[in-house]
1. Got a sec? What order do A:K264, A:K319 fall in by accessible area at 1.4 Å, biggest, i.e. largest, first?
2. So if I take the centroid of the Cα atoms in segment A:175-240 and the same for segment B:180-244, what is the distance between those two points in Å?
3. Counting only DSSP beta bridges with both residues in segment A:77-291, tell me the antiparallel percent, nearest 5.
4. Over 20 Å between C-alpha atoms is what I'm after, so list which of B:K182/B:K260; B:K182/B:K281; A:K148/B:K182; A:K110/A:K257; A:K77/A:K148; B:K75/B:K182 land there.
5. Pick from B:S134, B:S169, B:S77 the residue whose mean-square fluctuation is largest in a GNM of chain B, springs joining Cα atoms under 10 Å.
6. Residue by residue, what Karplus-based ³J(HN,Hα) values in Hz, rounded to whole numbers, does segment B:32-39 have, using 6.51, -1.76 and 1.60 with θ = phi - 60° and x for Gly and Pro?
7. Please build a GNM for chain B, connecting alpha carbons under 10 Å apart, and tell me which residue among B:I81, B:I24, B:I196 fluctuates the most.
8. Using only Cα atoms, find the angle between the long axis of helix B:299-341 and the longest principal axis of chain B, and express it within 0 to 90 degrees, rounded to the nearest 10.
Amino acid sequence: MSLSFADPQLLWLTPLAALPLLGGVLRRSAFPSLASVPVDGLSRLISLALTFTAVATIGSTALALAGPRRGGELVEKIGDGAETALLIDRSGSMNETFAGRPPEGGEESKANAARRVLQDYVRRRQHDRFGVVGFSTSPIRMLPLTDKMDAVLGAVAAIDRPGLDYTDIGRGLATALSLLSEDAGQSSRVLLLVSDGAAVIDPKVQQTLRTTFARTRVNLYWLFLRTANSTGISDTPKPGEDTPQAMPERHLDIFFKSLKIPYKAFEVENPGAVEAAVAEIGRLETHPIVYRERLPTEDLTGFFAALALLSSLALVAAKIFEAGLFTSSLPLGLPEAARPSRRRAA
Amino acid sequence: MTIEARFPRRETLRDGRFWLLCAIVLLLAASFGLPSFRSKANGVDLLVVVDITGSMNTRDYSESGHPVSRLEHVKASLRAILPDLPCPARVGLAIFTERQPFLLFEPIDVCGAFAPVDGAIAGLDWRMAWEGDSHIASGLYRAIDMAHEVNADLVFFTDGQEAPPLPASGGPEFTGERGAVKGLIVGTGGFALSPIPKFDAEGREIGFYGVNDVPHENRFGPPPADAEQREGYNPRNAPFGSAAAAGTEHLSSVREPYLKALGDKTGLGFIRLEDPPALLKAILAEARPHPVERERPLRPFALGLALILLVALYGVPPLWNRLKQLRADRFSTLAIWRKSRA
């Protein structure tokens, strides 16, 4: 439980609550000497109570103005989810259809399909934190890891814009890994690579990647959007053609398998299969994750305003029942009796 | 002998403080029943495009006494103004090199998702560039199209240095509708020429670009009109003259006249980047008004008025009495002093 304020700077007004200590709202009466009035405990008490009520009125009005509220803390909860880096191929070929043509009519390009399916995936994974990296000739950090779904959807929405030139998958992987390793949490980490091709990874970069993969502990998924008539992961090599240059996809797959990390490749050749593959990733990734959730806040303005209203009503009541030393019924204003008034001096 | 008197007494009814208290009670009570009123607030929709080409690495800004590159200064300025944008502030981010902007994310509300936008700006790096050329005019025109697509105002950060230089026939023409997309070109860089840092394939800095590292003249297209006066001119074999072009393209400064001309052509405003407050002011001045209806409760006004009345009720009389007392004291002191003189 914590009290916070919408406009804390308005709390500077609360010291005004001390004003009633300077004097009250009741009329003053001239009286020769207070010493001639016997001490009256009840009068004292009422005078004190009125001062306190006035302090409470000003104080709670000022507090109500500052917008007090309760709750809103972050609490840690455990649910299903992961920290996911989406590594997305932004090479020009992603804007073609699975048949390898520019989309025409109602056809969907590979990037369109990836965007649609990933948006669904992000929406369903309420507790995941997502980061997005695009890669073509160079890796581009599009969005750091975040739990703000609007931001993730904004970045995923940008992936079917016209792509760039080439596919440098090695540096893309390194960037996605660095994105994941920035967060030192204990949650499970997922690297989801979406590409329509692969490229040769420089042996030097391969070595760096090996150590980084080992250190970061990620589950790797490769959603390979295969274009018709292109080389694939599962092709059997013709004799003499089993080189990374001729069959980059097969060799990337071999490289991933050699990392000895949880890894699964999905070779899909139409938009429907993309959905099935992403659904399966969703099923596989059900590890506990500690996520933070904000408790709902409760607005306490009404409470303080009510407090101010009640105490101001008490003040009005006191004012209504205010008598005086000299009652107005006597035309000359002569002292009617020398008894002490309850509201003798404010 | 007691007189049965009715309350409130006549004096009470004649007492202004009583009525003031009643007004306070009414205001406090009203604060519970007041409806909200609708007010219009202006949010912003921005597409921020940042030039990340090589010349943006030129260190001709300084922050707290240290030289910083244009790109770093752009990032720092953007991050400084981000919290001050009026909500709802939708901001999209794109980077620019070669001849097209690359969208990192579509506009998202910074007021709801500050950390990722701030983090993405902090993560901008010249290493993201996919090519070294910077065809500023083409990039700007495409950025204008992109801003139109995502329905946002454009804020385009660049130093205006075309690399390679524009051909003699001039840059590409703007074919869009002038002023259809509002926004601002933000010129970055100093007015003096500064060396551009050079990096190797591994991204390590290895000095600065030399005079022979970059082309100083674009020799595509027809030669300029004065080519005939050049040394060694030959219409067929040396239409640009025989001498290698010399120039200062290996050094960089903000190309303000060029950017202003581009701004005129496209209907965008121009400002040279200096400090964040000026940038924010310029952005808000250029941005399309984007009214958003907001429900604003009247309660704070009722409460505030009640507080003012309360302060008047309890603060003014003691102050008044004290002043009266002071005056009375002064007069009596004066009187005593006079009497003593007499």
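The values are calculated or read from the model by the stated rules, or taken from the named source; none is laboratory data. No experiment lies behind these values; they were computed from the predicted model shown. Heads up, the Cβs are rebuilt from the backbone with ideal geometry, glycines too, and the neighbour counts pull from every protein chain shown. Accessible surface areas use protein heavy atoms only, side chains included; no ligands, DNA or RNA. Shrake-Rupley method; radii C 1.70, N 1.55, O 1.52, S 1.80 Å.
1. Most to least solvent-accessible, the answer reads A:K264, A:K319.
2. 40 Å
3. Just about 25 percent of them are antiparallel.
4. Too far apart for the 20 Å limit: A:K148/B:K182; A:K110/A:K257; B:K75/B:K182.
5. Answer for the Gaussian network model of chain B: B:S169.
6. Working through the residues one at a time gives 7, x, 6, x, 7, 10, 9, 10 Hz.
7. Evaluated over chain B, the most mobile residue of the options is B:I24.
8. So the helix axis and the longest Cα principal axis differ by about 60 degrees.
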